Amino acid sequence: MAQPRLSFFAFSLILILILISSPLALSKTLKRDVKALNEIKASLGWRVVYAWVGDDPCGDGDLPPWSGVTCSTQGDYRVVTELEVYAVSIVGPFPTAVTNLLDLTRLDFHNNKLTGPIPPQIGRLKRLKILNLRWNKLQDIIPPEIGELKSLTHLYLSFNSFKGEIPRELANLPELRYLYLQENRLIGKIPAELGTLRNLRHLDVGNNHLVGTIRELIRIEGCFPALRNLYLNNNYLTGGIPAQLANLTNLEIFYLSYNKISGAVPTGLANIPKLIYLYLDHNQLTGRIDSEFYKHPFLKELYIEGNSFKQGVKPIGVHKVLEVSDTEFLV
């Protein structure tokens, strides 16, 4: 028995239903985002322009979405939710038009040659979760308006030329997990208010010009409850290592190398249950290292060179520069 064939009308109806079920294919891109992306396109280098074909960043007809641009449907429109343009030698100032992409959740311009300040309008991106601007040539202060990005979980500003103090407004980011500020020209004290960030796991302020004491940093009771990695190395911190540091019970890495820390190493640090790396080298520490450190079940490296410990104090493990891959944190 011959199988019935679909009529042209039936086939057309099925095709229409398929298209209707794909809202991204039928929706128009919000004019605000089209305008913003085309302004960014006009300001960026030829490498990006070459890859961005057409006028619609979310794709138009046979043209795919622009490289590094991710869109999603909201109601009757498509909006840009992610912009990732990294390692393509972008030259020039931070494109202010980015701050008109109000639905962005991820902005990644890392490893380029962007200069000048981050515009204060960055605070408009209320849905932003990941801001990655590391390895550029950005300057001026870190805008306090970043503290208005309440959804932010990852903030990468390392390896730039930011100056001034670390803004206290960063303590207004309740979801922040990873904060990278190393390798800049930051001055002043590390705000103790950062200790109120209940979800902060990684804090790196190494290789700056920061001053103050560890006691001041951890003065707020119950501070840094989730912190695993604390990098304070290569600054101008003074004073001793307070016994209260042992209250950071989730700490795995404590990197204090190349400061001006003095006094003895508190025995209580050996009771931090998950401690793996303890770098105390090139400070002004004295006394002995308690035997409890050498019994710690997880401590792989205790580096103590360049201090004034009593004779017989020995390190644990072989020193190496600690670098944690960003891929472990980006989600």
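Compute the length gained on full extension between T70 and K150: take 0.36 nm times their separation in residues and subtract their Cα-Cα distance, giving the result in nm to one decimal.
Between T70 and K150, full extension yields an extra 26.7 nm.
Quick one: 3J(HN,Hα) in Hz for the range 170-179, Karplus 6.51/-1.76/1.60 with θ = phi - 60°, rounded, Gly and Pro as x.
Result, ordered by residue: 5, 6, 8, 9, x, 9, 5, 10, 10, 10 Hz.
Cα axis of helix 31-43 to longest principal axis of the chain: angle in degrees, 0 to 90, nearest 10?
60 degrees
Quick check: the angle from helix 8-20's long axis to the longest principal axis of the chain, C-alpha only, nearest 10 degrees?
The two axes meet at around 30 degrees.
Taking amide H positions as placed in the peptide plane 1.01 Å from N, state which residues far from G164 in sequence (5 or more) or on other chains have amide H under 5 Å from it.
I187
Amide H of Q74: which non-local residues (sequence gap of 5 or more, or other chain) have their own amide H closer than 5 Å, using H built in the peptide plane?
Excluding prolines and chain starts, which carry no amide H, the hits are V79.
Pull out the extension gain between T249 and K126, defined as 0.36 nm times the separation in residues minus the alpha carbon to alpha carbon distance; nm, one decimal.
Values: separation 123, 0.36 × 123 = 44.28 nm, distance 3.23 nm.
Value of the extension gain: 41.0 nm.
Mind listing which GluC sites (Glu not before Pro) in the range 167-209 are in a DSSP loop and have 15 or fewer other Cβ atoms within 10 Å?
Within the range 167-209, the qualifying GluC sites (Glu not before Pro) (loop, at most 15 other Cβ atoms within 10 Å) are E175.
Report ³J(HN,Hα) in whole Hz for each residue of the range 294-307, in order, from the Karplus equation J = 6.51 cos²θ - 1.76 cosθ + 1.60 where θ = phi - 60°; Gly and Pro get x.
In residue order, the calculated couplings are 7, 9, 4, x, 10, 5, 8, 9, 10, 10, 10, 4, x, 10 Hz.
Modelling each spin label as a point 7 Å along the Cα-to-Cβ direction, I'd like the V313/N271 distance in nm, to one decimal.
2.1 nm
Return the calculated 222 nm mean residue ellipticity for the chain, to the nearest 500 deg cm²/dmol, obtained by summing -39500 (n - 2.57) across DSSP H runs with n ≥ 4 and dividing by the residue count.
-3000 deg cm²/dmol
At R0 = 45 Å, how high is the FRET efficiency between D60 and E292 if r is their beta carbon distance? Nearest 0.05 is fine.
Here the calculated transfer efficiency is 0.10.
R0 = 22 Å: FRET efficiency of E175 with I220, Cβ-based, nearest 0.05?
0.70
Could you please state, rounded to a whole Å, how far the C-alpha centre of the range 247-309 is from the C-alpha centre of the range 155-199?
24 Å
Read-outs throughout are calculated quantities, based only on the coordinates presented, and are distinct from any laboratory measurement. As the structure is a computational prediction, the values presented were derived from the model and not from experiment. Ideal geometry is used to build each Cβ from the backbone, glycine not excepted, and the neighbour counts take in all protein chains shown.
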